[in-house]
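Single-structure report; data block below.
Please treat every number below as a calculation from the coordinates, not as lab data. Predicted model, so just to flag it, every value in this text is computed and none were measured. Note that we place each Cβ from the backbone using ideal geometry, even for glycine, and neighbour counts take in every protein chain shown.
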Amino acid sequence: MGQWLMPFLAIVTHEIRFLWASWLVRLWLIGTALLAFLTTAGNWGQMSSALLVASLLFSYLVFPWFLVVFMLGISPVTGTRLDALADGILSRPVTRHEYLLAAWVARVLVVLGVFLVVMIPATVIVVAAKRPVPADDVTWYGVIAALGVVSLVLTFLVSVSFLAGTLLRKPLFAVVILTFVWFPISMVMHTFSLEEFSPISLSQALPTLLRTPWKEDALADASRTNAQDLQAISDLGNSFISALTGGAPVKQRPAGFFERGDYKDFALTRVILGYGIPTLAVLGLTLFLFSRRDL
Amino acid sequence: MELAISTQHLTKVYGKRVIAVNDLNLEVPSGSVYGLLGPNGAGKTTTLRLLLGLQRATAGRAEVMGRPCGINGTSVRRLIGYLPTHPSFPSHLRPVEYLDLVGKLSRIPSEQRKPRLTSLLRAVGLSTATSQRIGTFSTGMRTRLGIAASLLADPPLLLWDEPTAGLDPAARRFTLDLIRELAATRTVVVATHILGDIDQICDHVGVMHEGRMIFSGSMHAMKQRLQDDDFRLELEGSPEAIRHVVQQVHALPGITALIRDTFTVVIGVEDAERRAGALAEVLKLVDASDVALQAIRSGQNETEYAYLQLLSEDQAHGFRRFDLQDGPVVDAVSGNRDA
């Protein structure tokens, strides 16, 4: 068994070391830790635990970290790395599927590693600390489910950019295409009530999920979705983007947008299936495309 | 005869535009040192990559030691030690790390892998460079690392693509000596366009041109194709004047003339008995022309000459090269071309 898995594990380790050696990962780790600290410190005495944790996760789901995840997820079978890959690795007794799966696993591990290394301590501090705000009923199940949902979305993003890198061959081009496709799609999904596919909707639903007790895993129903939470998350997103772009605060959307009441079907199972199945499909397509390719 | 490599009608067309390998029938005897010879773009590298499964054949089939080659042909790759031209390796790794990775990819247990990689690094002269990253290596060092990587799993077949390209004379000598040594226990295929290398190390040779195999056989058979009665004139003068002389020589009975490069003319004499007389006639024409004679040579590099002769014959065959049967591969024993 150990010998059978030896090439797979060797590639996973090799790819993780390669990614860890890159400045992108190191800068991202510093950036995400800094942003988490500033967000927590800035809202320490103002936001309830659910809102504060949701606002911490907002930067992974909507902006700006999805860009970094796209860049990290770009598959290694693209650009100048392809020659080294063919000469150094794929000319050895390794199947392409074995290589690609190992490279994908390494990327997912690095992305989730950076995310969890920052978010687990930040969330624990926010939830467990005594803060000068009214007590919130955030549950540990809710915290784990929220981190799991965001991890699933990040895994999906890695898989999509993995596919784009295999398909488009030029890493920069792949990132640009993904960026211009991801935002509009997210908006479209939201508009057509396909909340499971929309990171914006997920952000809005996170406070409710964080308060969900064990064995009551529906993300939210119309009666439980707190309009105030939605408004707060929306305001946070607007002010965050305004701060980044240096522009005037974005005009608030009408309250009706956040009180649509159509989250009653927004179940955790559907979220898992909504991102899990496309992730597997995208990975399968990547494997298929790479197996058809000349090196 | 047991074959290490055999291909039948192997064809590779890139994007329905570029024909890289054209109906290739290759047979490499086990235990031989086989030189795959051809000019740049002849399809040598593509052939090796098809054998490795790095590329997919458009048509035809290939086998290594009886096992079919293909994209997922790990059992074939386990038998092959591949050295690419100007190898490109993960630049952030150090040699020991890279060889360790290659060893793991080849499923070599740690207790065998570690001693083998250290002894290989010493054998290729890289034991003093183990602290350097591969990205800082010179061409020669990369090639030596590539050699070590290709030998790590102790494969019975080595596919080395231009192993002496870009090497200084000492490194070239080292590589050729190593091939000679390795050939005692392995089949070695060396793809190159450097005729001197082939001459020194190979016992079998295949000549590729425009994706086709135009000769395959022993070195002896290839050298037999040399027309010993030919000689070479090195001239000085305008290209037009040289062309004019060549036309005049062509007009002489029983004598042929071929411009090798701008200032070299190869003279062929059909009747060996008339060699001196023919040379006198040619020299008379040269003397009467506007070109000056720099040198006359007859003891040429046999391999080089036979190779060039094959290429020029192949080009001269034009549409006759098209053959739906077995292709116009020169018979290795008789030296005759199938028409």
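Cβ under 12 Å from B:THR192's Cβ, B:THR192 left aside: what net charge do those residues give with Lys, Arg +1 and Asp, Glu -1? After counting each charged neighbour, the total is -2. Which is the longest run of chain B containing none of the GluC sites (Glu not before Pro) found in DSSP loop states (not H, G, I, E, B) with at most 15 other C-beta atoms within 10 Å? Maximal segment without exposed cleavage sites: B:3-269. Peptide B:88-95 is shielded by partner chain Cβ atoms: per residue, an average of 5 of them sit within 10 Å of its Cβ.
What the Cβ-Cβ distance of B:TYR14 and A:ARG17 gives, at R0 = 51 Å and to the nearest 0.05, is a FRET efficiency of 0.90. Remark: for residue pairs B:LYS44/B:LYS114; B:LYS16/B:LYS104; B:LYS12/B:LYS114; A:LYS170/B:LYS114; A:LYS170/B:LYS44, the C-alpha separation exceeds 30 Å in B:LYS44/B:LYS114; B:LYS16/B:LYS104; B:LYS12/B:LYS114; A:LYS170/B:LYS114. Between A:ILE120 and B:LYS223, the modelled label-to-label distance comes to 7.0 nm, taking each label 7 Å out from Cα in the direction of the beta carbon.
Both the radius of gyration and Dmax for the stretch B:23-111 are 15.1, 45 Å, in that order, over alpha-carbon atoms. Inter-label distance, B:ALA241 to A:LEU273: 8.9 nm, where each label sits 7 Å from its Cα along the C-beta direction. Here chain B was treated as a single set of alpha-carbon atoms; its pair distances binned every 20 Å from 0 give 28, 49, 21, 2 percent. Shielding of peptide B:71-82 by partners, expressed as the average count of other chain Cβ atoms within 10 Å per residue Cβ, is 4.
Within chain B, antiparallel bridges make up roughly 65 percent of the DSSP beta bridges whose residues both belong there. A Förster radius of 22 Å, combined with the Cβ-Cβ distance separating B:HIS86 from A:ARG292, puts the computed FRET efficiency at roughly 0.25. Only helical runs count toward this figure. For chain B, summing -39,500 (n - 2.57) over DSSP H runs of n ≥ 4 and dividing by all residues gives -10500 deg cm²/dmol at 222 nm. Take the Cβ-Cβ distance between A:GLN46 and A:LYS170 as r, set R0 to 35 Å, and report the resulting FRET efficiency rounded to the nearest 0.05. The computed FRET efficiency comes out at 0.20. The shape of the stretch B:16-58 comes out prolate: with a ≥ b ≥ c from the C-alpha gyration tensor, a/c is at least 1.5 and a/b beats b/c. Pairwise inverse Cα distances across the stretch A:41-141, averaged and inverted, put the Kirkwood hydrodynamic radius at 16.6 Å.
Only the Cβ atoms of Lys and Arg (+1) and of Asp and Glu (-1) were treated as charged; on that basis the dipole of the stretch B:231-298 about its Cα centre amounts to roughly 140 debye. Only Lys, Arg, Asp and Glu carry charge here, each on its Cβ (+1 for the first two, -1 for the last two); on that basis chain B has a dipole of about 2080 debye about its Cα centre. Sorting A:124-134, A:151-161, B:192-202 by average packing, meaning the other beta carbons within 10 Å per residue, from highest down gives A:151-161, B:192-202, A:124-134.
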